[in-house]
Amino acid sequence: MKGLYFQQSSTNEEITFVFQERENLPITEDNFVKLQVKACALSQINTKLMAEMKMKKDFFPVGREIAGIVLEVGSKVSFFQPDDEVVGILPLDSEDPGLCEVVRVHEHYLVHKPEKVTWTEAAGTIRDGVRAYTALHYLSHLSPGKSVLIMDGASAFGTIAIQLAHHRGAKVISTACSLEDKQFLERLRPSIARVIDISNGKVHVAESCLEETGGLGVDIVLDAGVRLYSKNDEPAVKLQLLPHKHDIITLLGVGGHWVTTEENLQLDPPDSHCLFLKGATVAFLNDEVWNLSNVQQGKYLCILKDVMEKLSTGVFRPQLDEPIPLYEVKVSMEVVQKNQGRKKQVVQF
């Protein structure tokens, strides 16, 4: 039985993906479940976070968003039994790669998969659903009537965030990074209040948002990265149609919430003063926040269950690519790790 792992170079810059033969898993113990994997979604690996957590190994397991069938349960497992269909996200320190036929996982990282939801839909939606819930429910307290700007709404995550915001009764504005993205966003139902096409670099996001809100500004901003400096001082990778931090601060309304994915956000005193005058807040969207805090396990399971419920009722309609066979996964992971894919990639077993 083979599983996919990655190995970092000595400089921690390059990642190599390799298949390794795995020994037969031992009999399941205590609260662990043995799972036959049916689908596993691919996401970027946060090597920087793993280094900060002192996670040092020769090879790290790859693939965490999984859906599958329970084969065996440990003596203390209370939520599942053999033949149950489940979905979940393996913890950051998991010993088992999701890209393997059989894995072991603690029952508190799994929930039941609704019968009408396919394996690929379940695995391909679970992580983006958790991110959207974290950003819009826990970090910005979304409620009906609020205005929300979702940057890069045609991405796999942006699509789920838009659908959740619509479901909660918000007025959604989104940016498009290409003509194809613009056409995709304009076809969404319910329709988006405004699609801001920033592909030519000439449209000013702040001006467009203020115009759409009658000069009041938006209540919630969910970015997809920001520029911290002028174009001359910013690394080339940062210049890919990202708004400047001053644009975000300008378009925020009074009491607004800025949810950022920029982990190294730097705010100067004038920036902080402007946020202070607006009574606005900044929150950081960390994908692993539930993973790093055991005390929040109950809330985390509620989010997982709600994501699956909304997927089964059609509230969430994920943007999935064609399923990938396991033998092509190394090439696909290289694309995902470079953040070059748009649709969610899912391996089907």
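Computed values, structure above
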{"read-out": "Estimated vicinal HN-Hα couplings, Hz - the stretch 105-115 in sequence order (Karplus 6.51, -1.76, 1.60; Gly, Pro = x)", "value": "8, 5, 4, 6, 9, 10, 9, 5, 8, x, 4"}
{"read-out": "Difference of contour (0.36 nm per residue) and Cα-Cα distance, Tyr229 to Val203", "value": "7.5 nm"}
{"read-out": "In the stretch 31-109, trypsin sites (Lys or Arg not before Pro) in a DSSP loop with at most 16 other beta-carbon atoms within 10 Å", "value": "Lys54, Lys56, Lys57, Lys76"}
{"read-out": "Whole-Hz ³J(HN,Hα) from phi, Karplus 6.51 cos²θ - 1.76 cosθ + 1.60, for the stretch 153-161, glycine and proline x", "value": "x, 8, 6, 4, 6, x, 4, 5, 4"}
{"read-out": "Solvent-accessible area of Arg227 with every protein chain in place, 1.4 Å probe, in Å² to the nearest 10", "value": "30"}
{"read-out": "Within the accessible area of the chain (1.4 Å probe), percent carbon and sulfur", "value": "49"}
{"read-out": "Pair Glu328, Lys2: separation of 7 Å Cα→Cβ label points (nm)", "value": "1.7"}
{"read-out": "Residue-averaged 222 nm ellipticity for the chain, from DSSP H runs of 4+ at -39500 (n - 2.57), nearest 500", "value": "-8000 deg cm²/dmol"}
{"read-out": "Zero-based 10 Å bins, Cα pair distances in the stretch 68-113, whole percents", "value": "27, 61, 12"}
{"read-out": "Å² per residue, accessible surface of the stretch 108-175 at 1.4 Å", "value": "29"}
{"read-out": "Long-range amide H partners of Ile196 with built H, under 5 Å", "value": "Ser174, Thr175, Ala176"}
{"read-out": "Accessible area of the stretch 25-97 divided out per residue, in Å², using a probe of 1.4 angstrom", "value": "47"}
{"read-out": "For the stretch 108-167: span of alpha carbons on each principal axis (Å, largest first)", "value": "34, 25, 18"}
{"read-out": "For the chain, built as a Gaussian network whose Cα springs stay under 10 Å, the top-fluctuating residue of Val130, Val103, Val289", "value": "Val289"}
{"read-out": "Which listed pairs, of Lys2/Lys330; Lys146/Lys278; Lys116/Lys305; Lys245/Lys338; Lys2/Lys38; Lys48/Lys299, have C-alpha distances above 20 Å, in listed order", "value": "Lys245/Lys338; Lys48/Lys299"}
{"read-out": "Most mobile of Pro270, Pro318, Pro114 in a GNM of the chain (Cα contacts under 10 Å)", "value": "Pro270"}
{"read-out": "For His244, residues with placed amide H under 5 Å, excluding near neighbours", "value": "Arg227"}
{"read-out": "For Arg342, solvent-accessible area (1.4 Å; no DNA, RNA or ligand), Å²", "value": "100"}
{"read-out": "Rounded accessible area per residue of the stretch 267-349, 1.4 Å, Å²", "value": "57"}
{"read-out": "Within a Gaussian network of the chain (alpha carbon springs, distance under 10 Å), most fluctuating of Pro325, Pro61, Pro243", "value": "Pro325"}
{"read-out": "Loop GluC sites (Glu not before Pro), the stretch 255-349 (other Cβ atoms within 10 Å of the site Cβ: 13 or fewer; DSSP)", "value": "Glu263"}
{"read-out": "Length added when fully stretched, Glu95-His108, from 0.36 nm per residue minus Cα-Cα", "value": "3.1 nm"}
{"read-out": "Inter-part distance where the stretch 300-315 and the stretch 142-167 are each reduced to a Cα centre, Å", "value": "16"}
{"read-out": "Kirkwood hydrodynamic radius of the stretch 1-159, from inverse mean 1/r over distinct Cα pairs, in Å", "value": "17.2"}
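The values are calculated or read from the model by the stated rules, or taken from the named source; none is laboratory data. The shown structure was predicted, so the numbers you read here are calculated from the model rather than taken from an experiment. Using ideal geometry, Cβ is built from the backbone for each residue, glycine included, and neighbour counts are taken over all protein chains shown. Each accessible area value is taken on the protein alone, full model and side chains, heavy atoms only, with ligands, DNA and RNA left out. Shrake-Rupley method; radii C 1.70, N 1.55, O 1.52, S 1.80 Å.
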